[in-house]
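Below is one structure, written out as structure tokens; the observations come after it.
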Amino acid sequence: MSDDDFIDLRSDTVTAPSDEMRDAAATAEVGDDVYRDDPTVNELERRAADAVGTEAALYVPSGTMANQIAVHAHTEPGQELLLERESHIYRWELAGAAKLSGVQTRTIDAGDRCVPTPDAVREGLVDEDLHRPGTGLLSLENTHNYRGGVAVPVDRIAAAAEAARDADVPVHLDGARVFNAAVALGVDASEIVAPVESVTFCLSKGLGAPVGSILAGDEDFVEDARRVRKLFGGGMRQAGIIAAPGIRALANVDRLAEDHANAERLAAGLDAIDGVDAPAPDTNIVVAHTEDAGVPAESLYAACKEAGVGCVEFADYTTRFTTHLDVDESDVDEAVKRIAAVVDDLRD
């Protein structure tokens with residue numbers, strides 16, 4: 001099967017940069033960003049801060065680095081990081097908090113809410129004493145990746161953050177897809193971000209940039225984060241070449257609604273397959289459960305790949321499919337057709 005026939009629904013990170021982004025990269029005005037001399041990076045950081053309503057922002061190579069910089073900047077070695085049990089920082093970032101920042105993690109199971117209740121936050125917070133570390137940071141996530149791209153309502157973020165703040169514990173928001181949340185909820189991203197001290201968001205997911213993420217907060221925090229970025233090897237030189245497509249990516253926020261509509265179409269098509277349960281998504285992530293069909297995710301993944309559909313194993317019988325700007329309605333319909341045939345074959 002040719003690459004042109006492959007429908008890649010593994011992630012919204014697989015998008016190819018547009019011609020406009022490529023042209024922007026080729027013609028970008030550049031300088032040395034470590035010396036803060038790259039005008040294109042500086043412009044991206046200004047626009048990124050404005051987009052989420054913070055005082056300042058920092059351009060970094062990846063969302064994982066942005067999250068880990070935030071953990072390091074907010075905490076001291078030996079403190080505790082409080083976060084949701086299925087959060088990206090805890091599940092997918094290679095124990096970075098422990099390795100890079102000497103921070104112990106404590107998890108809260110927030111279930112389908114995705115964000116812990118204020119009571120759960122208060123119960124999870126730990127005061128420093130002779131025997132126990134103090135809680136140095138609470139981390140929240142919106143949208144929640146592993147829970148299926150759930151767009152967490154603003155009031156839930158605010159309530160959890162307030163409970164932490166009452167105990168003088170700062171709050172970081174892993175907002176890798178925060179603009180998806182904003183579009184789904186019908187609010188400005190700044191409303192989601194307002195209750196927290198820092199936020200990460202990715203330019204290289206639904207917004208379509210080839211590389212890069214943003215870490216934002218107040219000016220003092222971003223100054224601290226800039227030093228940590230250098231410590232982690234994230235200081236870049238003529239980074240305007242990759243920042244220029246990021247500026248173009250910020251213009252793609254409104255079109256995220258198309259991805260959400262395609263995800264709803266995909267979920268409906270998958271849910272109609274006998275033995276497949278695919279709940280309607282909030283945003284652009286569809287999770288399909290195939291236990292009733294007797295089809296393990298490992299088998300579904302391999303067969304879908306052979307049939308020309310990319311996906312990701314999430315659990316024993318749960319598979320993730322993600323829509324993005326390189327996927328249209330016809331791609332969704334063809335993907336459903338191929339997946340239906342795959343499930344029928346595997347069931348037999």
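The values are calculated or read from the model by the stated rules, or taken from the named source; none is laboratory data. In this text the structure is predicted, and so the values were computed from the model without any measurement. Quick reminder, even Gly has a Cβ in these numbers, built from the backbone with ideal geometry, and neighbours come from all protein chains shown. Just the protein is used for accessible areas: all its heavy atoms, side chains included, with ligands, DNA and RNA removed. Shrake-Rupley method; radii C 1.70, N 1.55, O 1.52, S 1.80 Å.
Convex hull of alpha carbon positions in segment 70-114: directionally averaged projected area 3.0 nm². Taking all Cα pairs closer than 8 Å and separated by 6 or more residues, the relative contact order of segment 201-348 comes to 20 percent.
Length gained on full extension, ASP109 to ASP127: 4.4 nm, using 0.36 nm per residue less the C-alpha separation. The Cα center of segment 272-328 and the Cα center of segment 23-39 differ in position by 40 Å.
The apolar share of the surface of segment 130-248, taken as the fraction of accessible area on carbon and sulfur atoms (1.4 Å probe, ligands and nucleic acids excluded), comes to 47 percent.
Segment GLU55..ASP32, full-extension length gain: 6.0 nm, with 0.36 nm per residue of separation and the alpha-carbon distance subtracted. Remark: the chain carries 43 Å² of accessible area per residue (probe radius 1.4 Å; ligands, DNA and RNA excluded). The 3J(HN,Hα) values that the Karplus relation (6.51, -1.76, 1.60; θ = phi - 60°) gives for segment 164-179 are, in residue order, 5, 5, 4, 9, 6, 9, x, 10, 10, 10, 7, x, 2, 10, 5, 6 Hz. Gly and Pro appear as x. Using helices alone, I'd like the mean residue ellipticity at 222 nm for the chain: each DSSP H run of four-plus residues gives -39500 (n - 2.57), total over residue count, nearest 500. Taken over the chain, the calculation gives -12500 deg cm²/dmol. Shape descriptor for the chain: Rg over Rh equals 0.99 (Cα atoms; Rh from the Kirkwood inverse mean 1/r).
Ordering 201-210, 45-54, 111-120, 60-69 by mean Cβ neighbour count within 10 Å, with the highest value first, yields 201-210, 60-69, 45-54, 111-120. Database remark: amide H of ARG106 closer than 5 angstrom to the amide H of LEU81, LEU82, LEU83 (H placed geometrically; neighbours at sequence offset of 5 or more, or on other chains; Pro and chain starts carry no H).
With all pairs of different C-alpha atoms in the average, the Kirkwood value for the hydrodynamic radius of segment 221-329 is 16.6 Å.
Taking 41 Å as R0, compute the FRET efficiency from the Cβ-Cβ separation of ARG47 and ASP345 and round it to 0.05. So, using R0 = 41 Å, E works out to roughly 0.25. Around the amide H of VAL152, modelled in the peptide plane, lie the amide H atoms of HIS144, all under 5 Å away and 5 or more residues distant in sequence or on another chain.
A Cβ-based charge dipole, computed about the Cα centre of the chain with Lys and Arg at +1 and Asp and Glu at -1, lands at about 820 debye. With the simple spin-label model, which puts each label point 7 Å out from Cα in the Cβ direction, the GLU219 to ARG85 separation comes to 4.4 nm. Accessible area of LYS337 (1.4 Å probe, protein heavy atoms only, ligands and nucleic acids ignored): about 140 Å². From the Kirkwood radius over Cα pairs of segment 277-348, Stokes-Einstein at 37 °C and 0.692 mPa s returns a whole-number translational diffusion coefficient of 267 µm²/s.
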